[in-house]
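Worksheet for the structure shown next.
The values are calculated or read from the model by the stated rules, or taken from the named source; none is laboratory data. Predicted, not measured: the structure shown is a model, and the values here were computed from it. A quick note on method: Cβ atoms are made from the backbone with ideal geometry, for glycine too, and the neighbour counts reach across all protein chains shown. Remember, those area values only see protein heavy atoms, side chains included, never the ligands or the DNA or RNA. Shrake-Rupley method; radii C 1.70, N 1.55, O 1.52, S 1.80 Å.
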Amino acid sequence: MPRRGVRAACAMHHGCMLLSRLAQVSQEVAATSARSRKIGLLAELFRDADADDVPIVIPYLAGRLPQGRLGVGWKVLSRPVAPAAEPALTVREVHALLTELGEVSGTGAQERRARLVGELMAAATAEEQRFLLGLITGEVRQGALDAVAVEGLARATGAPAADVRRAVMLAGSLQTVAQALLARGPEALEGFRLTVGRPVLPMLAHTAASVSEAVDKLGVCAVEEKLDGIRVQLHRDGDDVRVYTRTLDDITDRLPELTGAALDLKGERFILDGEVIALDGAGRPRSFQETAGRVGSRVDVVTAARTVPVSPVFFDALSVDGQDLLDLPFAERHAELARLVPEPMRVRRTLVDGPADLSAAERFLADTLERGHEGVVIKALDAPYSAGRRGASWLKVKPVHTLDLVVLAAEWGHGRRTGKLSNLHLGARDADGSFAMLGKTFKGMTDAMLAWQTERLRELAVEDDGHVVTVRPELVVEIAYDGLQRSTRYPAGVTLRFARVVRYREDKAAAEADTVATLLAAHREVTR
DNA sequence: TTCCGACAGTGGGGTCGCAAT
DNA sequence: ATTGCGACCCCACTATCGGAA
């Protein structure tokens with residue numbers, strides 16, 4: 001790949017990071033478990049990086065390709081190519097080549113892709129080849145994502161880490177902040193302020209096991225309905241309305257109802273946080289699947305909106321009339337929200353006066369479930385809005401169901417679970433004595449359980465295709481889950497939502513496991 | 001010294017929509 | 001037409017590091 005012209009220009013601009021540098025740092029970061037050392041390694045890399053390299057270097061370090069899909073699979077990638085002896089590739093050259101690769105289409109596309117991959121691999125050293133392979137297949141796993149990169153950036157530029165973190169939350173993008181920091185230094189952070197029209201990363205909630213646990217932790221608090229819909233951030237600046245998702249995708253065009261609702265409010269400039277949900281004629285929530293399908297529809301929005309209309313329900317205000325509310329206590333932010341948004345468009349809530357008032361919180365949860373909603377979110381009244389964080393001041397509580405199911409098979413794990421049987425196939429007893437698969441889970445296992453189940457399931461194995469190990473259906477496991485969903489994939493027509501392992505039930509035989517019939521009876525609202 | 005908050009990793013199901021077959 | 005696949009929606013849980021208490 002003779003690109004001498006490009007490289008000569010690079011030398012003059014001092015930038016143009018070599019891929020070998022990135023590959024080496026990535027390897028070192030992966031090899032250490034100490035967070036502080038990871039930060040140090042990234043800081044060193046950032047000191048040498050040009051601001052223009054940032055849009056490539058940042059995603060690469062997180063193991064992501066900025067282009068997204070490339071259209072190359074294992075078949076093309078696993079062809080061995082003799083590595084180059086000397087590192088010469090720059091990250092920009094690699095980026096250009098991968099972009100070209102992603103744009104290949106039409107007749108002979110596969111062949112052309114294979115040729116480009118071959119060219120790239122031939123120009124890469126063995127270490128670079130390993131890095132590229134990991135990057136393209138999404139298996140970098142170096143224990144450092146955005147949070148570590150933020151610390152590294154702070155150390156490299158001398159900016160306070162907290163300020164960098166806040167700028168990232170307000171910009172909604174590490175890349176933007178990194179670029180500004182490397183180009184202009186710590187002063188650049190002042191440019192990142194809360195702005196109507198520019199989305200910020202939303203605050204998230206932790207899980208609490210019960211209402212009493214949450215109220216004990218938070219004291220005086222608000223208990224709010226948790227709606228099972230899609231999180232939205234609504235921005236209005238005069239006649240301009242924008243709607244963003246949790247990951248800051250702009251979905252304004254898919255939700256015409258929200259533009260209308262925003263323009264009806266008595267305020268010209270604001271940012272609101274809330275949820276959209278589809279309700280049926282009686283005002284009860286439709287299933288998450290229906291809401292998600294509606295919000296996901298992009299092509300014929302008019303028909304989708306007529307068939308499944310959605311309603312916005314807001315629970316927080318981040319900015320009103322040019323005033324940034326993020327650092328105000330929740331009680332004050334909510335007062336602003338209440339001033340702006342009439343009741344039916346605000347989430348139902350009740351105020352609870354600490355643990356002594358627990359029964360009020362319990363009643364509210366029971367009532368909320370009765371109305372068909374998912375659960376509650378319990379919020380401290382004195383806490384600021386922690387954009388982009390899973391703040392300890394928001395705790396969600398949802399009912400949890402459990403079942404005793406039978407392990408039908410297990411899949412070999414990846415990454416730190418390599419060599420362990422990880423992902424369990426779960427079955428319930430069916431009328432004819434066979435087992436109907438209800439879904440899979442890999443959650444809830446400790447390392448000890450993982451080791452134990454690997455041994456135990458190997459004893460029960462009847463087949464191993466290298467990916468799935470099928471076993472005799474004898475091992476019973478207690479599974480927690482959040483509810484049932486309709487499914488076209490599984491034979492009973494339903495699957496478990498968020499299934500996770502609680503414990504193994506060696507005291508139970510497979511014949512004592514729960515049945516499909518009892519499961520369906522317990523969730524009649526789903527199958528109706 | 002112990003505790004606990006924040007992170008990364010390990011994947012789950014569904015839906016939509018595009019591209020390849 | 002069908003099918004495979006990526007990008008997003010929703011998400012739970014454990015292990016670990018390192019600062020807070």
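Going through A:Ala205, A:Ala149, A:Ala162, A:Ala144 one at a time, which residue ends up being within 30 Å of A:Arg242 (Cα to Cα), under 24 Å from the mean Cα position of the chain (by Cα) and buried (at least 21 other Cβ atoms within 10 Å of the Cβ)?
Working: A:Ala205 fails: buried (at least 21 other Cβ atoms within 10 Å of the Cβ); A:Ala162 fails: buried (at least 21 other Cβ atoms within 10 Å of the Cβ); A:Ala144 fails: within 30 Å of A:Arg242 (Cα to Cα).
Exactly one of A:Ala205, A:Ala149, A:Ala162, A:Ala144 is within 30 Å of A:Arg242 (Cα to Cα), under 24 Å from the mean Cα position of the chain (by Cα) and buried (at least 21 other Cβ atoms within 10 Å of the Cβ), namely A:Ala149.
Looking only at the stretch A:133-155, count how many residues are under 23 Å from A:Ala387 (Cβ atoms) and part of a helix (DSSP H, G or I). Step through it out loud before you land on a result.
Step one: list which residues in the stretch A:133-155 are under 23 Å from A:Ala387 (Cβ atoms), which gives A:144-155.
Add one more test, that the residue is part of a helix (DSSP H, G or I), and what stays is A:146-155.
Total satisfying the criteria: 10.
Of all the residues that make up the stretch A:87-112, how many are of a type outside the set (Gly, Ala, Ser) and open to solvent by 30 Å² or more (accessible area, probe 1.4 Å)?
Taking the stretch A:87-112 first, the residues of a type outside the set (Gly, Ala, Ser) are A:87, A:89-95, A:97-101, A:103-104, A:107, A:110-112.
From what is left, the residues that are open to solvent by 30 Å² or more (accessible area, probe 1.4 Å) are A:87, A:92, A:95, A:99-100, A:103, A:107, A:110-112.
Total satisfying the criteria: 10.
If A:Glu139 satisfies every condition in (1) open to solvent by less than 10 Å² (accessible area, probe 1.4 Å); (2) farther than 28 Å from A:Phe192 by Cα but one, which is the exception?
For A:Glu139, the exception is condition (1).
Can you pull out every residue in the stretch A:249-293 that is open to solvent by less than 20 Å² (accessible area, probe 1.4 Å) and either within 16 Å of DNA strand B (Cβ to nearest atom) or assigned to a loop (DSSP other than H, G, I, E, B) (or both)?
A:Ile251, A:Thr252, A:Leu255, A:Leu265, A:Gly267, A:Val276, A:Ile277, A:Ala278, A:Thr291
Run A:Glu463 past the list (1) in a strand (DSSP E or B); (2) touching a Lys or Arg at 6+ places or on another chain (Cβ under 9 Å); (3) free of Cβ contacts under 8 Å to residues at least 40 places away in the same chain and report the number of the one that doesn't hold.
(2)
Rundown of residues vs (1) hydroxyl-bearing (Ser, Thr, Tyr); (2) touching a helix residue (DSSP H, G or I) at 6+ places or on another chain (Cβ under 8 Å); (3) modelled with pLDDT of 95 or more; (4) open to solvent by 20 Å² or more (accessible area, probe 1.4 Å), yes/no style:
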residue: A:Ile378; (1), (2), (3), (4): no, yes, yes, no
residue: A:Leu395; (1), (2), (3), (4): no, yes, yes, no
residue: A:His401; (1), (2), (3), (4): no, yes, yes, yes
residue: A:Asp404; (1), (2), (3), (4): no, yes, yes, no
residue: A:Ala409; (1), (2), (3), (4): no, no, yes, no
residue: A:Lys420; (1), (2), (3), (4): no, yes, yes, yes
residue: A:Asp432; (1), (2), (3), (4): no, no, no, yes
residue: A:Met437; (1), (2), (3), (4): no, no, yes, yes
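In the stretch A:11-69, which helices (runs of 4 or more DSSP H) lie fully inside it and hold 2 or more residues that are surrounded by fewer than 20 Cβ atoms within 10 Å (Cβ to Cβ) and in contact with a helix residue (DSSP H, G or I) (Cβ under 7 Å, 6 or more places away or on another chain)? Don't jump to the end; show me each part of the working.
Numbers: elements: A:19-31, A:35-48, A:54-61.
In the stretch A:11-69, the matching helices (runs of 4 or more DSSP H) lie at A:19-31, A:35-48.
State whether one or more residues within the stretch A:111-120 are modelled with pLDDT of 80 or more, β-branched (Val, Ile, Thr), in a loop (DSSP other than H, G, I, E, B) and away from DNA strand B (no atom under 14 Å from the Cβ).
Taking every residue of the stretch A:111-120 in turn, none turns out to be modelled with pLDDT of 80 or more, β-branched (Val, Ile, Thr), in a loop (DSSP other than H, G, I, E, B) and away from DNA strand B (no atom under 14 Å from the Cβ).
Please go through (1) more than 13 Å from DNA strand C (Cβ to nearest atom); (2) within 24 Å of A:Asp250 (Cα to Cα) for A:Gly172 and return the number of the only condition it doesn't satisfy.
Checking A:Gly172 against (1) more than 13 Å from DNA strand C (Cβ to nearest atom); (2) within 24 Å of A:Asp250 (Cα to Cα), the one that fails is (1).
Taking the condition more than 13 Å from DNA strand B (Cβ to nearest atom), surrounded by fewer than 18 Cβ atoms within 10 Å (Cβ to Cβ) and either closer than 29 Å to A:Lys226 by Cβ or not β-branched (Val, Ile, Thr) (or both), does A:Asp464 pass?
Values: more than 13 Å from DNA strand B (Cβ to nearest atom): yes; surrounded by fewer than 18 Cβ atoms within 10 Å (Cβ to Cβ): yes; either closer than 29 Å to A:Lys226 by Cβ or not β-branched (Val, Ile, Thr) (or both): yes.
Against the criterion (more than 13 Å from DNA strand B (Cβ to nearest atom), surrounded by fewer than 18 Cβ atoms within 10 Å (Cβ to Cβ) and either closer than 29 Å to A:Lys226 by Cβ or not β-branched (Val, Ile, Thr) (or both)), A:Asp464 qualifies.
So that you can scan it fast, the table gives a plain yes or no per residue for (1) over 19 Å from A:Ala208 (Cα atoms); (2) touching a residue at least 24 places away in the same chain (Cβ under 8 Å); (3) in the same structural domain as A:Ala209 (by TED's automatic domain parsing):
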| site | (1), (2), (3) |
| --- | --- |
| A:Gln323 | yes, no, yes |
| A:Leu328 | yes, yes, yes |
| A:Val347 | yes, yes, yes |
| A:Ile378 | no, yes, yes |
| A:Ala383 | no, yes, yes |
| A:Arg390 | no, yes, yes |
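Given the options A:Arg231, A:Arg298, A:Arg246, name the one that is assigned to a strand (DSSP E or B), in the same structural domain as A:Arg363 (by TED's automatic domain parsing) and either closer than 22 Å to A:Thr350 by Cα or touching a residue at least 12 places away in the same chain (Cβ under 8 Å) (or both). It would help to see each step written out before you state the result.
On the way: A:Arg298 fails: assigned to a strand (DSSP E or B); A:Arg246 fails: assigned to a strand (DSSP E or B).
Every option except A:Arg231 fails the conditions.
Rundown of residues vs (1) more than 12 Å from DNA strand C (Cβ to nearest atom); (2) of a type in the set (S, T, N, Q); (3) over 21 Å from A:Phe288 (Cβ atoms), yes/no style:
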residue	(1), (2), (3)
A:Gly413	yes, no, yes
A:Asn423	no, yes, yes
A:Leu438	yes, no, no
A:Ala499	no, no, no
A:Ala510	yes, no, yes
